[in-house]
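Inspection log for the structure reproduced underneath, given as structure tokens.
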Amino acid sequence: MPVTWPGSGGRGPDGRRRDDLGLTGLLATIAGLTPAGAAAILAETGDPARFASPRSLVKHAGLGPRDNASGGFQGNTSISGRGQPALRLAAWRAVWAALPDNPVLAARFTHLNTREENRLARQQARTACAAALLRWIHVVITRHVAWDPAIAAGTTPLQQAA
């Protein structure tokens, strides 16, 4: 593995930038995802292609839903909290930066925050958006496709666009 020197901005001893997995170009297609946000998420996950599905990446971050039910009792559903807290934090911070510049993420956030039934609080909606962002990252990297807002919004199936 090439050496990257601390404080070098991701540059090796020869001065060139390092992108060992070749993911920079793919992740740059996700609107609003900053290079720092992408780097933080990749630093915590490694190669997202090692996860079998987008759902498993979300669960690795501890953003998967945890049901609170027993018999006839139905409690509140929350995130599991299992997994990597640093990845959860990196995804959550990336959402904060992406919301103003990503219309699909902003629409999802607005929908979750303003719907009449089962309205989410602002922090809950951001957490749901962080899970969506991780799913997008997994698909973009494992299928080697550019991020498409129509697919991310659910208006075009992935099979038609590929």
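The values are calculated or read from the model by the stated rules, or taken from the named source; none is laboratory data. Because the structure is a prediction, the values reported are computed rather than measured. Positions of Cβ are generated from backbone atoms using ideal geometry, with glycine treated the same way; all protein chains shown enter the neighbour counts.
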Can you go through A52, A31 and tell me which one is modelled with pLDDT of 85 or more, small (G, A, S), surrounded by 12 or more Cβ atoms within 10 Å (Cβ to Cβ) and at negative phi?
A31
Cβ-Cβ under 6 Å pairs, at least 6 apart or on other chains, the range 124-152 side more than 11 Å from T29 (Cβ to Cβ), far side charged (D, E, K, R)
C129/R108
Residue list for the range 123-157, filter: in contact with a helix residue (DSSP H, G or I) (Cβ under 7 Å, 6 or more places away or on another chain), hydroxyl-bearing (S, T, Y) and assigned to a loop (DSSP other than H, G, I, E, B)
T156
Within the range 34-47, can one find any residue that is modelled with pLDDT under 60 and either on the phi > 0 side of the Ramachandran plot or part of a strand (DSSP E or B) (or both)?
no
For T142, indicate whether it is loosely packed, with under 14 Cβ neighbours inside 10 Å, of a type in the set (S, T, N, Q) and farther than 14 Å from G37 by Cβ.
no
Please find, within the range 113-125, the residue that is farthest from T34 (Cα to Cα) out of those that are within 17 Å of the chain's Cα centre (by Cα) and surrounded by 13 or more Cβ atoms within 10 Å (Cβ to Cβ).
Q124
Can you name every residue in the range 95-119 that is touching a residue at least 60 places away in the same chain (Cβ under 8 Å), part of a loop (DSSP other than H, G, I, E, B) and not acidic (D, E)?
L99, P100, N102
